[in-house]
Amino acid sequence: MAISVAVDLAPFNTLALPGKAARYLKITAAEQLADPALAAERRFILGGGGNLVLTGDFDGLLLHMAIPGRRLLSEDREAWYVEAGAGENWHDFVQWTLAQGWPGLENLSLIPGTVGAAPIQNIGAYGLEVGERLHSLTAWDFARRACVSFDRVGCRFGYRDSLFKQQGWHLNGRLAITNVVFRLPKVWAANIQYGEVAGELADIATPTASDVAAAVVAIRRRKLPDPAVTPNAGSFFHNPLVTSAAAAALKEKYPALPCHPQPDGRVKLAAGWLIEQAGWKGKALGPVGMYEKQALVLVNHGGASGADVRRAMLAVQAAVREKFGLELSPEPVFL
């Protein structure tokens with residue numbers, strides 16, 4: 001097994017931050033993970049690098065998950081069960097399912113990253129989270145030296161959360177997800193609960209799944225920078241979840257504050273709006289700042305380091321804390 005050394009990681013993170021991996025191995029088949037030599041190393045599991053802040057060099061083994069493959073695994077009267085390798089590009093996979101006539105993931109179009117990373121973060125957008133469509137997944141457990149499987153309940157999904165984050169496996173490299181199976185419903189209805197999506201589709205009486213996907217893509221392209229042009233990690237902060245009483249108090253003081261009631265009774269607040277009101281939309285601190293079209297997105301204007309990102313993050317958090325008394329937590333992993 002050819003492990004590379006001193007590998008430049010700037011091309012492997014969408015913030016284009018500098019750093020090297022002492023050892024690097026591209027994983028294209030699950031069988032590679034069973035090599036006993038990998039179990040003895042300090043590891044980090046890398047997907048698309050879109051949810052990562054490099055703080056410097058990584059003195060360990062970086063396993064870059066690039067397992068390909070997508071297929072219809074089975075179907076029943078209610079759903080199609082579609083499997084994808086962990087290394088599949090998420091957006092390309094979503095578009096492929098729609099092209100096959102299998103709706104259900106369209107609201108998650110154009111989210112950067114890979115299929116294998118999606119359950120860890122429980123990615124979500126425009127009224128849908130990936131956990132709602134996940135059926136099961138398989139991973140290699142380095143501690144047990146065996147393949148393990150998790151169903152949807154076992155993944156313990158929460159808002160941008162999962163068992164894999166709760167256990168810290170996304171940091172210590174204990175588990176490497178190899179493939180994911182999605183349950184896509186045969187009885188489908190357009191999810192256009194978000195005003196932006198509904199507005200984009202206002203001229204279409206009965207939107208299809210492809211129409212919803214096209215609307216989501218159009219909205220995201222208007223609001224979010226292309227990492228290939230302006231390095232960024234997408235939405236950098238979680239939307240805060242607060243009690244209904246706290247949300248009501250803030251809403252009374254700030255009537256324009258976007259609030260989204262949650263099934264558990266809490267209320268999700270729009271972090272981008274909070275950051276903008278705190279004066280950080282389009283503002284920079286050195287080479288790092290918040291995007292001028294979407295205050296939730298942290299961008300690298302050129303030459304930034306992980307320390308620069310952390311400095312800007314702390315400044316934004318302090319500004320929101322001072323104005324609203326709320327704590328913003330970052331979405332990306334710091335390595």
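Here are a few things to note about the model shown:
- Cβ pairs under 6 Å, 6+ apart, first in the range 307-335 and farther than 19 Å from HIS170 by Cβ and of a type in the set (Asp, Glu), second modelled with pLDDT of 95 or more and open to solvent by 50 Å² or more (accessible area, probe 1.4 Å): ASP308/GLY286
- Test: residue in the range 151-162 that is farther than 18 Å from VAL333 by Cβ and either modelled with pLDDT under 95 or polar (S, T, N, Q) (or both): no
- Residue, most open to solvent (accessible area, probe 1.4 Å), within the range 165-180, restricted to residues that are touching a Lys or Arg at 6+ places or on another chain (Cβ under 9 Å) and in a helix (DSSP H, G or I): LEU171
- Filtering the range 277-293 for residues that are in a strand (DSSP E or B) and in contact with a Phe, Trp or Tyr (Cβ under 6 Å, 6 or more places away or on another chain) leaves a non-empty set.
- Within the option set GLU83, GLU88, GLU78, being on the phi < 0 side of the Ramachandran plot, at pLDDT 95 or above and under 15 Å from the mean Cα position of the chain (by Cα) holds for one residue only, GLU88.
- Filtering the range 120-127 for residues that are closer than 17 Å to ILE67 by Cα and at pLDDT 95 or above leaves a non-empty set.
- Condition check for ALA233 on (1) at pLDDT 95 or above; (2) touching a Pro at 6+ places or on another chain (Cβ under 7 Å): one failure, at (1).
- Count of the range 297-335 residues which are assigned to a loop (DSSP other than H, G, I, E, B), open to solvent by less than 30 Å² (accessible area, probe 1.4 Å) and modelled with pLDDT of 95 or more: 3
- Residues (among the aromatic types (Phe, Trp, Tyr), open to solvent by 40 Å² or more (accessible area, probe 1.4 Å) and assigned to a strand (DSSP E or B)) located in the range 181-239: none
- A residue that is open to solvent by 30 Å² or more (accessible area, probe 1.4 Å) and closer than 26 Å to ALA270 by Cα cannot be found anywhere in the range 138-145.
- Only residues that are free of Cβ contacts under 8 Å to residues at least 12 places away in the same chain and of a type in the set (D, E, K, R) were counted across the range 133-152, and they come to 1.
- Entirely in the range 47-132, the strands (runs of 3 or more DSSP E) that have 2 or more residues that are buried (at least 19 other Cβ atoms within 10 Å of the Cβ) and among the small types (Gly, Ala, Ser): 79-85
- Residues in the range 257-277 that are closer than 22 Å to GLU292 by Cβ and either modelled with pLDDT under 95 or open to solvent by less than 20 Å² (accessible area, probe 1.4 Å) (or both): LEU257, PRO258, LEU269, ALA270, ALA271, GLY272, LEU274, ILE275.
- Selection status of ARG156, at positive phi and touching a helix residue (DSSP H, G or I) at 6+ places or on another chain (Cβ under 6 Å): yes
The values are calculated or read from the model by the stated rules, or taken from the named source; none is laboratory data. Keep in mind that what you see is a predicted model, and the values were worked out from it rather than measured. Here the Cβ is made from the backbone with ideal geometry for all residues, glycine too, and neighbour counts use every protein chain on show. Note: accessible area is taken over every heavy atom of the protein model, side chains too, but ligands, DNA and RNA are not part of it. Shrake-Rupley method; radii C 1.70, N 1.55, O 1.52, S 1.80 Å.
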